[in-house]
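The structure appears below as structure tokens.
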Amino acid sequence: MRLVAGIDEVGMGPLAGPVMAAAVILRLGRPIQGLADSKRLSPHRRTVVAEQIKQQALVWAVGRAEVSEIDDLNILQAAWLAMRRAVAALGVAPDFAVVDGLHVPDLPCPRRAIVRGDALVPAISAASVIAKVTRDAEMCEWDAVYPEYGFAAHKGYGTARHLDALARFGACPLHRQSFAPVRAAGPRGKEV
């Protein structure tokens, strides 16, 4: 039996928060009902499917790159770092990895990038769901710390509400300083 890890990331586009990746090895012959690209599922459905994945997958793990790493490395390198960390956290070495996207990071196993893999490959779909649910939950927690930014609503993406909050309050420590709208906003402390 070959152990194939599906890998996907979430959080490359937001102005705030970590980038996260998940790696999932599914059990052969045990399909997960309702599994799909995380963007196609409602938040409630994603949560339900994430719990099914956690219970039925052979193994799963999440890796992350922090805001400081995103600013130091660049977002693509930080996403790849999160992917490598997710694979390392699996606890078993996959024989092969399939990664959503055009490019694939250096991993300790043979690998292949698959464009739209999150919609085509069940293991990548599972990774997409786990990564999205994990990151969204964390951004909701950060909303309690920095309520003026509305992280629970937009999860750090550059919505009109978020950009308005940046202009009014400046950037908090969760914001990615290497992203132009954050740099333009300046540091926190304008109107708290």
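Some observations on this one:
- The requirement of being within 19 Å of Arg2 (Cβ to Cβ), under 17 Å from the mean Cα position of the chain (by Cα), aliphatic (A, V, I, L, M) and surrounded by 13 or more Cβ atoms within 10 Å (Cβ to Cβ) is fulfilled somewhere in segment 50-64, by at least one residue.
- Residue in segment 101-113 that is surrounded by fewer than 19 Cβ atoms within 10 Å (Cβ to Cβ) and either of a type in the set (S, T, N, Q) or within 13 Å of the chain's Cα centre (by Cα) (or both) present: no
- Counting only helices (runs of 4 or more DSSP H) that fall entirely inside segment 74-192 and contain at least 2 residues that are at pLDDT 95 or above and closer than 17 Å to Glu9 by Cα, the qualifying elements are 75-89, 122-145.
- Pair list, Cβ under 7 Å, 6 or more apart: segment 13-42 residue at pLDDT below 90, other residue surrounded by 13 or more Cβ atoms within 10 Å (Cβ to Cβ) and in a strand (DSSP E or B): none
- Of the listed requirements (1) within 26 Å of Thr47 (Cα to Cα); (2) of a type in the set (Asp, Glu); (3) outside the structural domain of Glu9 (by TED's automatic domain parsing), Asp136 misses just one: (3).
The values are calculated or read from the model by the stated rules, or taken from the named source; none is laboratory data. The structure displayed is predicted, hence computed values, not measured ones. No Cβ is skipped: glycine too gets one built from the backbone with ideal geometry, and neighbour counts run over all protein chains shown.
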